[in-house]
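Novice: The structure under discussion is supplied below as structure tokens; questions concerning it will follow.
The values are calculated or read from the model by the stated rules, or taken from the named source; none is laboratory data. Everything numeric in this text was worked out from a predicted model, so none of it was measured. Quick reminder, even Gly has a Cβ in these numbers, built from the backbone with ideal geometry, and neighbours come from all protein chains shown. Protein only, heavy atoms only, side chains kept; ligands, DNA and RNA dropped before computing areas. Shrake-Rupley method; radii C 1.70, N 1.55, O 1.52, S 1.80 Å.
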Amino acid sequence: MSIPATQMRPGMVIKFKDDLHLVFSVEHRTPGNLRAFYQARMRNVKSGKLVEYRFRTDEEVDIARVETNDYQYLYDEGNSLVIMDNTTYDQHSIPKALFGPAVKFLKEGMNVIVAFESEEPIMA
């Protein structure tokens, strides 16, 4: 789904240069005699790299369909963690790297929030 850059808001996940980015801030700028633009600060979901980009006011951005839900952490399985959806009881295997350094603080039975984009986990 595409929207104009003028409708981009913090908290949105967009597809930018073939990667998913979480938008932190968006500022409308009108510098002197130049055309107005939107300055966006975004973080790459996979690499964690912070990016700043200037969008033209007529530029379109693609919004990623991200579903966030509460899950229950069940157990450790090698390089992944098994979580269960609290409403449907479906189980998913999530890579440990997605949780970062917080993985060592997880206890069995804890509730965790995981975001999926088209059946692929992207954020925890």
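Novice: Give all pairs with beta carbons closer than 9 Å in which a residue from region 85-106 that is crowded, with 16+ Cβ neighbours inside 10 Å meets a residue that is polar (S, T, N, Q) and in a loop (DSSP other than H, G, I, E, B); count only pairs at least 6 apart in sequence or on separate chains.
Specialist: Between residues of region 85-106 that are crowded, with 16+ Cβ neighbours inside 10 Å and residues that are polar (S, T, N, Q) and in a loop (DSSP other than H, G, I, E, B), the close pairs are Lys96/Asn79.
For every residue, the table says whether it meets (1) within 30 Å of Glu108 (Cα to Cα); (2) open to solvent by less than 40 Å² (accessible area, probe 1.4 Å); (3) small (Gly, Ala, Ser); (4) out of contact with any helix residue (DSSP H, G or I) (no Cβ under 9 Å at 6 or more places or on another chain).
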{"residue": "Arg35", "(1), (2), (3), (4)": "no, no, no, yes"}
{"residue": "Lys46", "(1), (2), (3), (4)": "yes, no, no, yes"}
{"residue": "Val51", "(1), (2), (3), (4)": "no, yes, no, yes"}
{"residue": "Arg65", "(1), (2), (3), (4)": "yes, no, no, yes"}
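Novice: Out of everything in region 40-75 that is free of Cβ contacts under 8 Å to residues at least 40 places away in the same chain and among the aromatic types (Phe, Trp, Tyr), what residue ends up being farthest from Met1 (Cα to Cα)?
Specialist: First, the residues of region 40-75 that are free of Cβ contacts under 8 Å to residues at least 40 places away in the same chain: 40-44, 47-54, 73-75.
In the following step, the residues that additionally are among the aromatic types (Phe, Trp, Tyr) were identified as 53, 73, 75.
Values: Tyr53: 20, Tyr73: 32, Tyr75: 36 Å.
The qualifying residue farthest from Met1 (Cα to Cα) is Tyr75.
Novice: Looking at region 31-39, is at least one residue small (Gly, Ala, Ser) and either touching a residue at least 40 places away in the same chain (Cβ under 8 Å) or within 30 Å of Pro95 (Cα to Cα) (or both)? Before you say what the answer is, go through the steps one by one.
Specialist: Of all residues in region 31-39, those small (Gly, Ala, Ser) come to 32, 36.
From what's left, either touching a residue at least 40 places away in the same chain (Cβ under 8 Å) or within 30 Å of Pro95 (Cα to Cα) (or both): none.
There is no residue in region 31-39 that is small (Gly, Ala, Ser) and either touching a residue at least 40 places away in the same chain (Cβ under 8 Å) or within 30 Å of Pro95 (Cα to Cα) (or both).
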